[in-house]
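Below is one structure; the comments refer to it alone.
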Amino acid sequence: MSFALARLLPEEKKAVKERLWKRQNGVCFITQKKIDLSLDETEVDHIVPTRDKGPDDESNWAVVFARANESKQAAHLYVARVLHLLDVIREKTNDPRGANLGDVLAHFGGAKYQLHAKADGEKFQYKLTQMNLYDESMSPIRVDELSGMRTTFLRLPLEYLHHDHKINPRAIGNSIRGLIEEFHRKLHPENADPGPIRAERSKRDRKRANCDLGRRRADKDGLGGRRNVQPSARRRIGLRHCCDEGLNSRGQHAHYRSFLAVPSPAQWLSRSCREGSAASHSR
């Protein structure tokens, strides 16, 4: 919800929507379909959410179809637009397995031409005559010393890129959303959501606080030293503090083991064997 837009008068809102519509060349920001402001039900939404440092002004607003805005798959409209386009490509393929990389390339005009090339010694030579580029291009061939595999790297137009169904027959899954959002965050780091970072830091701080509390309790109970308390008592108290604070039993138990001198299972076994041997000799 835009508080700045809510404060505007109806005439001002209409003028803002018209300016956004002209700025977007008359199409919806999400679906890229033509909008008729007099017929279609539209809304104005933030391109970058305000929670992710997006400004609440006209520079960060976009006009979209109301239905598309309700069913969008991401809060960022840039990400929502990519996900909507992927849904359109999936519908065109009419394949129950979904769309693959070849379908995406075909949608953007890729995989049109075959690359004519030859490998001559340590050079890979090719021409892009279908793109009216008649000069010969060359790329060095690199050989892996261990496997002997020969590799070269080319920078080609989209029309020469093809999808190999034998190497990668899998369709594009729903996990692509996370990859698109991650790519968007790296492309626009100023708009990255710091929420997960803050949550991880607060979780780590809580663990440290609980650990300090357990240490203070051990000192208060007189368990800070190694010699005054039996190993079994130290072990029980250490485990009790871990459980009382709700900490990770494996990670925090290792901390209490070093602090409270709790023997390892191997040490317990070795000690039991020595005590049993000493008892038999005394008899």
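With respect to K186, is the statement that it is part of a helix (DSSP H, G or I) and at pLDDT below 90 true? So K186 fits the description; yes.
If the condition is being in a helix (DSSP H, G or I), under 22 Å from G110 (Cα atoms) and modelled with pLDDT under 85, then the stretch 159-178 contributes only I176. Which of the residues belonging to the stretch 109-136 are charged (D, E, K, R) and without any contact (Cβ under 8 Å) to a residue 12 or more places away in the chain? Once the filter is applied, which keeps residues that are charged (D, E, K, R) and without any contact (Cβ under 8 Å) to a residue 12 or more places away in the chain, the stretch 109-136 yields K118, D120, K127, D135, E136. The set of residues in the stretch 33-91 that are touching a residue at least 12 places away in the same chain (Cβ under 8 Å) and acidic (D, E) comprises D40, E41, E43, D45, D52, D56, D57, E58. The number of residues in the stretch 138-158 being surrounded by 10 or more Cβ atoms within 10 Å (Cβ to Cβ) and assigned to a loop (DSSP other than H, G, I, E, B) comes to 5.
The numbered conditions (1) farther than 24 Å from I172 by Cβ; (2) surrounded by fewer than 14 Cβ atoms within 10 Å (Cβ to Cβ); (3) modelled with pLDDT under 90 are all true for S71 except (1).
I'm trying to understand the selection: among the residues of the stretch 28-65, which are touching a Ser or Thr at 6+ places or on another chain (Cβ under 6 Å) and surrounded by fewer than 17 Cβ atoms within 10 Å (Cβ to Cβ)? Passing the criteria: only D56.
Which of the residues belonging to the stretch 137-185 are within 17 Å of D120 (Cα to Cα), touching a residue at least 24 places away in the same chain (Cβ under 8 Å) and hydroxyl-bearing (S, T, Y)? Passing the criteria: only T152. Selection of the stretch 131-153 for residues being of a type in the set (S, T, N, Q) and at pLDDT 90 or above yields S137, S139, S147, T151, T152. For the stretch 59-137, which fully contained strands (runs of 3 or more DSSP E) count at least 1 residues that are under 30 Å from R150 (Cα atoms) and among the charged types (D, E, K, R)? Output list reads 116-120, 123-128.
The values are calculated or read from the model by the stated rules, or taken from the named source; none is laboratory data. The model shown is predicted, which means the values in this text are computed figures rather than measured ones. Don't worry about glycine lacking a Cβ; one is built from the backbone with ideal geometry, like all the others, and counts go over all protein chains shown.
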